[in-house]
Amino acid sequence: MKKTALNHLHHKMGGKMVPFAGFEMPVTFEGVNAEHETVRLKLGVFDVSHMGEFWVEGPHAAELVQRVTTNDISALYDGKIQYSCFPNGKGGIVDDLLVYRYNTEKYLLVVNASNIDKDWNWVSQNNKNGAKLTNASDATSQLAVQGPLALRAMQKLTSTSIIDMEYYTFKVLDFAGVKNILLSTTGYTGAGGCEIYFNNEDAEKIYNAVLEAGAEFGIKPIGLAARDTLRLEMGFCLYGNDINDTTSPIEAGLGWITKFVDGNPFIDRELMETQKANGTKRMLKGFEMEKGIPRHDYEICDENGTVIGNVTSGTMSPMLKKGIGMGYVEKAYSKIGTQIYIKIREKLMPATIVKLPFYKE
């Protein structure tokens, strides 16, 4: 099993370590609910060094990125980031990712840990025109400092202004005494904050500096369990649960990152245009429950117990104190306010289709 450069510190700090995407990662430190609230109300730091980073460079970089991702990279400017996905040529999704534009000939793709090899092979096999590709995943560490106080705390570690950075932008700066650090106003929690990329050899120095700078604001180390409950409260998709090789971006509610503009000849464009025009048989929707906790793979039924879909993600929301979930349902049951039923231990428990995100500040 792989270990991040901060693994020994997680052990030292009492992290409960589990296998995740081929890495030994901390799932909790203090407990999922306490960690979740820390991020929502103050700030927390996640080690997300297991994520993958690919550089795409050269005169053919833009052409490749535009073709393998559904979003429109011509809308990007230097220092801007975009959420996107790789279509798989069969109407499904290879992975979802972030695209960072340095300039017209240099892009960074940030992909999910569990898909690094699959994604690398996919991008490589579609590199028809000779863009320069570098897989920097094993050499790169990443911290997500998330929460409403995150940028205030991190400002102490750099002389470059980050407090006023727009959402989904990045800067390359000196940070905690280390040069050329990438800091982006991105994250998977909906709580605000930043993500910081650096070389493995600087990991311990930067991690300790982040904890020290955040101490006065109440920073704590956060595990992957709270990362999951935080992203679910926002209705963010998790690859392997809510989207995969058999789900289309259109039925997954990701039409907003699927851009049918001139000059965007992405893989599967024709198929997805047809889906957008005609609709899909099922749709990914959020739902809330007054009683019961939905879990991955639970059946979604109508009032007669007929199966109309399945739960892809579910939990007890630490902020809302109720069961929340996402799942694919037949189109007829997809309207906001529709009553559905989640089958929990052979019992039909009522739920209501709601507008995402679940948690609104």
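The values are calculated or read from the model by the stated rules, or taken from the named source; none is laboratory data. Predicted, not measured: the structure shown is a model, and the values here were computed from it. Please note: Cβ atoms are built from the backbone with ideal geometry, for glycine as well, and neighbour counts cover all protein chains shown.
So the values come out like this:
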read-out	value
Single residue of Val123, Val111, Val99, Val94 found to be under 30 Å from Lys3 (Cβ atoms) and surrounded by fewer than 22 Cβ atoms within 10 Å (Cβ to Cβ)	Val99
Tally of residues being assigned to a loop (DSSP other than H, G, I, E, B) and within 26 Å of Phe198 (Cβ to Cβ) across the stretch 88-110	2
Positions within the stretch 26-65 being charged (D, E, K, R) and within 19 Å of Ile81 (Cβ to Cβ), in sequence order	Glu53, Glu57
Hits in the stretch 234-271 (condition: touching a Pro at 6+ places or on another chain (Cβ under 7 Å) and hydroxyl-bearing (Ser, Thr, Tyr))	Thr258
Considering residues of the stretch 139-160 that are among the hydroxyl-bearing types (Ser, Thr, Tyr) and within 20 Å of the chain's Cα centre (by Cα) only, the residue surrounded by the fewest Cβ atoms within 10 Å (Cβ to Cβ)	Thr140
Members of the stretch 297-319 that are of a type outside the set (Gly, Ala, Ser), in a strand (DSSP E or B) and more than 20 Å from the chain's Cα centre (by Cα)	Glu299, Ile300, Cys301, Val307, Ile308, Asn310
Subset of the stretch 186-211 (residues that are part of a loop (DSSP other than H, G, I, E, B) and under 19 Å from Gly52 (Cα atoms))	Thr186, Gly187, Tyr188, Thr189
Hits in the stretch 256-300 - residues which are more than 30 Å from Ala351 (Cβ to Cβ) and crowded, with 16+ Cβ neighbours inside 10 Å	Lys259, Asn264, Phe266, Ile267, Asp268, Arg269
Breaking point among (1) under 15 Å from Ala144 (Cα atoms); (2) of a type in the set (S, T, N, Q); (3) not assigned by TED's automatic domain parsing to the domain that holds Glu216, for Asn71	(1)
Residue match in the stretch 243-257 (condition: more than 19 Å from the chain's Cα centre (by Cα), at pLDDT 95 or above and assigned to a loop (DSSP other than H, G, I, E, B))	no
The lone exception for Ala332 - which of (1) within 26 Å of the chain's Cα centre (by Cα); (2) in a helix (DSSP H, G or I) it fails	(1)
Unmet requirement for Val172, which otherwise passes all of (1) outside any strand (DSSP E or B); (2) within 14 Å of Cys194 (Cα to Cα); (3) more than 21 Å from the chain's Cα centre (by Cα)	(1)
Test: residue in the stretch 215-233 that is assigned to a loop (DSSP other than H, G, I, E, B), within 18 Å of Ile324 (Cβ to Cβ) and in contact with a Pro (Cβ under 7 Å, 6 or more places away or on another chain)	no
Evaluation of Leu183 against (1) assigned to a strand (DSSP E or B); (2) closer than 25 Å to Thr38 by Cα; (3) more than 23 Å from the chain's Cα centre (by Cα) (one fails), failing number	(3)
Residue match in the stretch 31-54 (condition: surrounded by fewer than 21 Cβ atoms within 10 Å (Cβ to Cβ), under 19 Å from Thr258 (Cβ atoms) and modelled with pLDDT of 95 or more)	no
Unmet criterion (only one of (1) at pLDDT 95 or above; (2) out of contact with any Phe, Trp or Tyr (no Cβ under 8 Å at 6 or more places or on another chain); (3) charged (D, E, K, R)) for Glu361	(1)
Filter result for Glu166 (of a type in the set (D, E, K, R), under 22 Å from the mean Cα position of the chain (by Cα) and on the phi < 0 side of the Ramachandran plot)	yes
Residue within the stretch 261-281 that is modelled with pLDDT of 95 or more, under 30 Å from Glu361 (Cα atoms) and not assigned by TED's automatic domain parsing to the domain that holds Ala226 present	no
Residue list for the stretch 309-340, restricted to those being buried (at least 19 other Cβ atoms within 10 Å of the Cβ), free of Cβ contacts under 8 Å to residues at least 60 places away in the same chain and among the aliphatic types (A, V, I, L, M)	Val311, Val329, Ile340
